[in-house]
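Colleague: Below are the structure tokens for one structure; questions will follow.
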Amino acid sequence: MSHAEPTSEPISAEIKQAAQALLTQLTLEEKAKLCSGQDFWHLEGIERLGLAPVMVTDGPHGLRKQGAAADHLGANKSIPATCFPTASSLASSWDRELMHDVGAALGEHCVEENVAVLLGPGMNIKRHPLCGRNFEYFSEDPLISGEIAAALVSGIQSQGVGACLKHFAVNNQEFGRMYMDAIVDPRTLREIYLKGFEIAVKKSAPWMVMCAYNRLNGEYCSEHNWLLNEVLRDEWGFDGAVVTDWGAANDRVLGVQSGLDLEMPSSGGINDKLVLNAVENGELSEADLNNTVLRNLCISLAGAQLPERNPNIDLTAHHQLARRAAVESCVLLKNSSKILPINNSESVALIGAFAKKPRFQGAGSSQVRPTQVDTLFNALSESIDNLVYAEGFDAKYSELDQGLIDEAVAAAKACSVAIVYAGLPGIYESEGFDREHMQLPEQHNRLIQAVVQANPRTVVVLANGAPVEMPWIDQVPAVLEGYLAGQASGSAIADILIGLANPSGKLTETFPLSLEDVPSNTWFPGERRQIQYREGLYVGYRYFDSANRPVLFPFGHGLSYSSFAYSDAQTSTSTVSADLTTPTTIQVSVAVKNTGAMAGAECVQVYRHALNSKVYRPDQELAGFAKIFLQPDEQSTVTIRISSADFAYFDQGMNQPNIEPGQYTLRIGASSRDIRQTLELTIGDPSQQKTAQPSPQALSCLGPKLDQTVIQVSDEAFAQMLGKAAPKGEPPRPFHANSSLAEIGETWLGAKIKAKAVEGFLKGMGLGNNDATIRKMFEEMANNMPLRGIVLFQQGNLSYRKMHLLLAILNKQPLRALKFYFAKDE
């Protein structure tokens, strides 16, 4: 079998023509006004020209449409909407068609609610397992990130609404995300952190791309001409609009010049005035402004057509789709002695508060108000007559409680099998802050260890958005990774546990044994306002497989109640040209047979390996994949198409992709460490060997020094990778517009201002002490908020003049303070 490319609906030529005509009727003031939003979620309208404000809203895995009480981080209620599994879960399905279906359902709901653009999917690389937002991202690998994102975008846009890829680019942590400078060498940037975006942009033509908060190699992504214009538009052909992450605009005029179209949310006109003044005084050309306005007009005009649509949304069908997605995304990590599936005639102890109070999504801007929630307790109660429940832990805080463990042990002893539903409470991982460690709460670990000691037939089900350590793994016979599987997670997990469904999910990230094994851990989360990506290409399995390091569970791993045999691997050709101007499509086929007794699905993965390469590169990299569903004893041929261009590396000496002629091995398997078949491929011919050599800047000496214990990257080696000396970072003082509240809080006055700002922020959101996770998220967000961000979020109530007055006082500059005290607001 082979997969069909999903269709996507880009903005039409008619819309673009109408936008061009409308542009000629705008005054300069109206053009400047259209550079930012009308409020928190709407683009500006021009009433005299009949241009209505259209809505965009959050929701990579469900629609998060809010009313008047709007915020960016999910504190205030949104309308009920189907909560699909989060990105880390969805990607584990490895199923493009399923992603298209989920995207189409999201698009239908957008049409129903008159939402022009859904702000998702998020597709940043999972560089480090502690990133608090990893649950919102797909993978540590750019290929599957790009393919899954493209399928989702195509599904969303098949309904005539827009999707928005985010966060562009290199936004891989929450700490200091609004000001940190990501220092990445050109090759790593191209091959790891931009590649997924490139795939999704070229395959699905999204309406919008959202720029990240952070800086990239010294420049804010919101004003990064190379990133937004040269790469995104000129190289990849993107013709949609670039929108800021909420509050990400730094220098608005420079942003317009650099390809940033839409600032969100509204700044209360502050930045619009700066844009207008810049055009009038010749600092900004009206041609650049026109380009920005034209792209924003296209979004508005396309969104204005939504009221004419009738989606006839079926929320019951959406819930069933969410259940199907959750089933396909659950990953069976371990199943010793085939303890799963459970016979429904057995007595079962169901342990863990998540069974009744499930954690099925993450906190923050992606948080959806579900239409319904299936619990594992209710789902199992429908199938298992002898079901005993024990709470095991508090779902919100999971503090140590021996009494709850004792109750769970008693229940486990009384039953033939025990299920412990454990994981990470919301306060452990969220947008706004990074995790502190990779461990489950101590209460969860003690509970699992006590239960398995009481009943060796113990199954652990996990609810978490990213890898965790499992100190009990050798004692527990079965582990099911449920991730954050959406509102139907309870029913989906029950289907798998009792054998109504066959697990088919595969990991799209490596589960390391410990945090110390993670290749980027030495440089995470950075210091002196920068984070250095010294590990280079060695992200996730690219490192672990190259160094032959043991892991808890490898990339691509996932078990089934069936077994699958691979045979007769072939390629459509054994020799291809190294000429990148005319890439060759290589068809890799392999026969797969279901040798088990249950219908099931297998995800076939193809990895490329270069033999005797002179170029520094990982041992193997994912080159293609396909998922196939087979009945018992059924055999079918899987065909995976790979382009010869996929074998290129980015040669930073030549500043372009380059293919190294030579011998390659295609490794076909069920995971990165379960290779079943291999094929040989020759790229180029002898005459090319001398003419297509890599430049000196691409040779292996420029990669991190790799051994089985640590990645070693000296200052000199990192400078070679970058092509220049690495910047030293910034001192915290003197304070400036991008100093954070936490940084100014180190002074007496700054501490007072910080405390007042944080409490005012929380009070404005109506948060009390009972909202522990959301409160922590907002506090961390506020601590990392730069001062200029506070000005923008105040939407005109706080001026840049007052900010500069405060900075002068904090920096003990009395004359400068007097200047701003007596000056007029902008």
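The values are calculated or read from the model by the stated rules, or taken from the named source; none is laboratory data. Keep in mind that what you see is a predicted model, and the values were worked out from it rather than measured. Don't worry about glycine lacking a Cβ; one is built from the backbone with ideal geometry, like all the others, and counts go over all protein chains shown. These area figures cover heavy atoms from the full protein model, side chains too; ligands, DNA and RNA do not enter into them. Shrake-Rupley method; radii C 1.70, N 1.55, O 1.52, S 1.80 Å.
Colleague: Checking the structure you have, find out if any residue of the range 563-578 is under 30 Å from ILE659 (Cβ atoms), under 25 Å from the mean Cα position of the chain (by Cα) and crowded, with 21+ Cβ neighbours inside 10 Å.
Modeller: No, every residue in the range 563-578 fails to be under 30 Å from ILE659 (Cβ atoms), under 25 Å from the mean Cα position of the chain (by Cα) and crowded, with 21+ Cβ neighbours inside 10 Å.
Colleague: Search the range 744-766 for residues being at pLDDT 85 or above and outside any helix (DSSP H, G or I), and hand back the single one that is nearest to LEU798 (Cα to Cα).
Modeller: Per the criteria, the residue is GLY745.
Colleague: Here's something else I'd like to know. Show the residue pairs that are 6+ apart or on different chains and have beta-carbon atoms under 8 Å apart, the first residue being within the range 212-231 and in contact (Cβ under 8 Å) with a residue 24 or more places away in the chain and crowded, with 18+ Cβ neighbours inside 10 Å, the second being in a helix (DSSP H, G or I) and charged (D, E, K, R).
Modeller: Once the first residue is in contact (Cβ under 8 Å) with a residue 24 or more places away in the chain and crowded, with 18+ Cβ neighbours inside 10 Å and sits in the range 212-231, no partner that is in a helix (DSSP H, G or I) and charged (D, E, K, R) comes close enough.
Colleague: Here's a follow-up. Which one of the conditions (1) buried (at least 17 other Cβ atoms within 10 Å of the Cβ); (2) closer than 28 Å to PHE553 by Cβ does PRO661 fail to meet, given that it meets all the rest?
Modeller: Evaluating PRO661 over (1) buried (at least 17 other Cβ atoms within 10 Å of the Cβ); (2) closer than 28 Å to PHE553 by Cβ leaves (2) as the failure.
Colleague: Then there is this: Taking SER589, is it within 33 Å of the chain's Cα centre (by Cα) and outside any loop (DSSP other than H, G, I, E, B)? Spell out the reasoning first.
Modeller: Values: within 33 Å of the chain's Cα centre (by Cα): yes; outside any loop (DSSP other than H, G, I, E, B): yes.
Spelling it out, SER589 is indeed within 33 Å of the chain's Cα centre (by Cα) and outside any loop (DSSP other than H, G, I, E, B).
Colleague: Here are some residues: ALA390, ALA418. Which one is among the aliphatic types (A, V, I, L, M), closer than 19 Å to PRO471 by Cβ and modelled with pLDDT of 95 or more? Can you show your working first?
Modeller: Values: ALA390 fails: closer than 19 Å to PRO471 by Cβ.
Answer to the check: ALA418.
Colleague: Further, regarding this structure: When residues of the range 517-540 are filtered for being in contact with a Pro (Cβ under 9 Å, 6 or more places away or on another chain) and among the aromatic types (Phe, Trp, Tyr), how many remain?
Modeller: Counting residues in the range 517-540 that are in contact with a Pro (Cβ under 9 Å, 6 or more places away or on another chain) and among the aromatic types (Phe, Trp, Tyr) gives 1.
Colleague: Among the residues that make up the range 239-249, is at least one of them within 16 Å of TRP207 (Cβ to Cβ) and open to solvent by 10 Å² or more (accessible area, probe 1.4 Å)? Let's see the steps before the verdict.
Modeller: We begin by selecting, within the range 239-249, every residue within 16 Å of TRP207 (Cβ to Cβ); these are 239-244.
Narrowing further to those that are open to solvent by 10 Å² or more (accessible area, probe 1.4 Å): 239.
Within the range 239-249 (the criterion being within 16 Å of TRP207 (Cβ to Cβ) and open to solvent by 10 Å² or more (accessible area, probe 1.4 Å)), the answer is yes, since at least one residue qualifies.
Colleague: Yes or no: PHE197 at pLDDT 95 or above and part of a helix (DSSP H, G or I)? Before you say what the answer is, go through the steps one by one.
Modeller: Details: at pLDDT 95 or above: yes; part of a helix (DSSP H, G or I): yes.
Yes, satisfied.
Colleague: Assess whether ASN344 counts as being touching an Asp or Glu at 6+ places or on another chain (Cβ under 9 Å) and surrounded by fewer than 19 Cβ atoms within 10 Å (Cβ to Cβ). Lay out the reasoning, then the answer.
Modeller: On the way: touching an Asp or Glu at 6+ places or on another chain (Cβ under 9 Å): yes; surrounded by fewer than 19 Cβ atoms within 10 Å (Cβ to Cβ): yes.
In short, yes.
Colleague: Of all residues being over 26 Å from PRO661 (Cβ atoms) and open to solvent by 10 Å² or more (accessible area, probe 1.4 Å) in the range 615-635, which is nearest to the chain's Cα centre (by Cα)? Just the residue, please.
Modeller: Only one residue fits best here, namely LYS627.
Colleague: So is ASN521 open to solvent by 10 Å² or more (accessible area, probe 1.4 Å) and either among the aromatic types (Phe, Trp, Tyr) or farther than 21 Å from SER88 by Cβ (or both) or not? I'd like the intermediate steps shown before the answer.
Modeller: Working: open to solvent by 10 Å² or more (accessible area, probe 1.4 Å): yes; either among the aromatic types (Phe, Trp, Tyr) or farther than 21 Å from SER88 by Cβ (or both): no.
Here the answer is no, as ASN521 does not meet what is asked.
Colleague: Do we find that ALA485 is open to solvent by 10 Å² or more (accessible area, probe 1.4 Å), in contact with a Pro (Cβ under 9 Å, 6 or more places away or on another chain), among the hydrophobic types (A, V, I, L, M, F, W, C) and closer than 20 Å to PHE135 by Cα in this structure?
Modeller: Working: open to solvent by 10 Å² or more (accessible area, probe 1.4 Å): no; in contact with a Pro (Cβ under 9 Å, 6 or more places away or on another chain): yes; among the hydrophobic types (A, V, I, L, M, F, W, C): yes; closer than 20 Å to PHE135 by Cα: yes.
It is false that ALA485 is open to solvent by 10 Å² or more (accessible area, probe 1.4 Å), in contact with a Pro (Cβ under 9 Å, 6 or more places away or on another chain), among the hydrophobic types (A, V, I, L, M, F, W, C) and closer than 20 Å to PHE135 by Cα.
Colleague: Is it true that some residue in the range 371-390 is within 17 Å of GLY499 (Cβ to Cβ), in contact with a strand residue (DSSP E or B) (Cβ under 7 Å, 6 or more places away or on another chain) and crowded, with 24+ Cβ neighbours inside 10 Å?
Modeller: Looking through the range 371-390, at least one residue is within 17 Å of GLY499 (Cβ to Cβ), in contact with a strand residue (DSSP E or B) (Cβ under 7 Å, 6 or more places away or on another chain) and crowded, with 24+ Cβ neighbours inside 10 Å.
Colleague: Condition check: under 21 Å from LEU143 (Cα atoms) and buried (at least 16 other Cβ atoms within 10 Å of the Cβ). Does VAL592 satisfy that?
Modeller: Here the answer is no, as VAL592 does not meet what is asked.
Colleague: Quick one: what pairs do we get from the range 533-547, first residue closer than 13 Å to GLU140 by Cα, second surrounded by fewer than 24 Cβ atoms within 10 Å (Cβ to Cβ) and among the basic types (Lys, Arg), C-beta under 9 Å, 6+ apart or different chains?
Modeller: Correct list of pairs: LEU537/ARG617; TYR541/ARG673; ARG542/ARG617; TYR543/ARG549; PHE544/ARG673.
Colleague: Return the only residue of LEU28, LEU90, LEU106, LEU98 being closer than 21 Å to ASP261 by Cβ and at pLDDT 95 or above.
Modeller: Values: LEU90 fails: closer than 21 Å to ASP261 by Cβ; LEU106 fails: closer than 21 Å to ASP261 by Cβ; LEU98 fails: closer than 21 Å to ASP261 by Cβ.
Answer to the check: LEU28.
Colleague: Could you list, in sequence order, the residues of the range 45-58 that are closer than 15 Å to VAL115 by Cα and without any contact (Cβ under 8 Å) to a residue 12 or more places away in the chain?
Modeller: Matches in the range 45-58: none.
Colleague: If you don't mind, there's one more thing I want to ask. Does ASP685 satisfy the condition of being open to solvent by 60 Å² or more (accessible area, probe 1.4 Å), among the acidic types (Asp, Glu) and at pLDDT below 90? Please lay out each step first, then the result.
Modeller: On the way: open to solvent by 60 Å² or more (accessible area, probe 1.4 Å): yes; among the acidic types (Asp, Glu): yes; at pLDDT below 90: yes.
The answer is yes for ASP685.
Colleague: Sticking with this structure for a sec: Condition first: of a type in the set (Asp, Glu), surrounded by fewer than 24 Cβ atoms within 10 Å (Cβ to Cβ) and in a loop (DSSP other than H, G, I, E, B). Now tell me which residues in the range 76-117 satisfy that. I'd like the intermediate steps shown before the answer.
Modeller: The initial filter retains those residues of the range 76-117 that are of a type in the set (Asp, Glu), namely 95, 97, 101, 108, 112-113.
Add one more test, that the residue is surrounded by fewer than 24 Cβ atoms within 10 Å (Cβ to Cβ), and what stays is 97, 101, 112-113.
Selection gives GLU113 alone.
Colleague: Looking at (1) modelled with pLDDT under 95; (2) open to solvent by less than 40 Å² (accessible area, probe 1.4 Å), which is the one condition that is false for GLY268?
Modeller: Here GLY268 meets the rest and fails (2).
Colleague: Being in a loop (DSSP other than H, G, I, E, B), modelled with pLDDT of 60 or more and of a type in the set (A, V, I, L, M) is the filter here, so list the residues in the range 688-729 that pass it.
Modeller: Scanning the range 688-729 gives VAL710, VAL713, ALA725, ALA726.
Colleague: Hey, any hits in the range 128-135 for a residue that's outside any loop (DSSP other than H, G, I, E, B) and modelled with pLDDT of 95 or more? If you could, list the steps in order and put the result at the bottom.
Modeller: So in the range 128-135, the residues outside any loop (DSSP other than H, G, I, E, B) come out as 134-135.
Next, from what is left, pick out any that are modelled with pLDDT of 95 or more: 134-135.
Yes, there is a match, as at least one residue in the range 128-135 is outside any loop (DSSP other than H, G, I, E, B) and modelled with pLDDT of 95 or more.
Colleague: Shifting gears a bit: With among the acidic types (Asp, Glu) and open to solvent by 70 Å² or more (accessible area, probe 1.4 Å) as the only criterion, which of GLU308, GLU328 stands out?
Modeller: GLU308
Colleague: Can you list residue pairs whose Cβ atoms sit under 7 Å apart, with the first residue in the range 555-579 being outside any strand (DSSP E or B) and the second being open to solvent by less than 50 Å² (accessible area, probe 1.4 Å) and of a type in the set (Phe, Trp, Tyr)? Count only pairs 6 or more apart in sequence or on different chains.
Modeller: Going by the 7 Å Cβ cut-off, the qualifying pairs are PHE555/TYR541.
Colleague: For the range 174-184, state whether one or more residues are under 18 Å from PRO121 (Cα atoms) and either outside any strand (DSSP E or B) or of a type in the set (Phe, Trp, Tyr) (or both).
Modeller: Quick first cut of the range 174-184, residues under 18 Å from PRO121 (Cα atoms) only: 174.
From what is left, the residues that are either outside any strand (DSSP E or B) or of a type in the set (Phe, Trp, Tyr) (or both) are 174.
Scanning the range 174-184, I find at least one residue that is under 18 Å from PRO121 (Cα atoms) and either outside any strand (DSSP E or B) or of a type in the set (Phe, Trp, Tyr) (or both), so the answer is yes.
Colleague: Only residues in the range 728-750 that are under 18 Å from GLY526 (Cβ atoms) count as the first member; pair them with residues that are of a type in the set (Ser, Thr, Tyr) and crowded, with 20+ Cβ neighbours inside 10 Å, Cβ under 6 angstrom, at least 6 apart or cross-chain, and list the lot.
Modeller: Listed by first residue and then by second, the contacts come to ASN738/TYR179.
Colleague: What single numbered condition from (1) under 23 Å from CYS110 (Cβ atoms); (2) of a type in the set (D, E, K, R); (3) touching a helix residue (DSSP H, G or I) at 6+ places or on another chain (Cβ under 9 Å); (4) open to solvent by 30 Å² or more (accessible area, probe 1.4 Å) fails to hold for GLU44?
Modeller: Among (1) under 23 Å from CYS110 (Cβ atoms); (2) of a type in the set (D, E, K, R); (3) touching a helix residue (DSSP H, G or I) at 6+ places or on another chain (Cβ under 9 Å); (4) open to solvent by 30 Å² or more (accessible area, probe 1.4 Å), the lone unmet condition for GLU44 is (4).
Colleague: Look through ILE125, ILE156 and report the one residue that is crowded, with 24+ Cβ neighbours inside 10 Å, over 27 Å from GLU621 (Cβ atoms) and not small (Gly, Ala, Ser). Spell out the reasoning first.
Modeller: Working: ILE125 fails: over 27 Å from GLU621 (Cβ atoms).
Just a single option satisfies the conditions, and that option is ILE156.
Colleague: What tally of residues in the range 635-653 results from selecting those that are in a strand (DSSP E or B) and more than 24 Å from GLN720 (Cβ to Cβ)? Before the answer, list the steps.
Modeller: So in the range 635-653, the residues in a strand (DSSP E or B) come out as 635-643, 649-651.
So of that shortlist, the ones also more than 24 Å from GLN720 (Cβ to Cβ) come out as 635-643.
Result for the range 635-653: 9.
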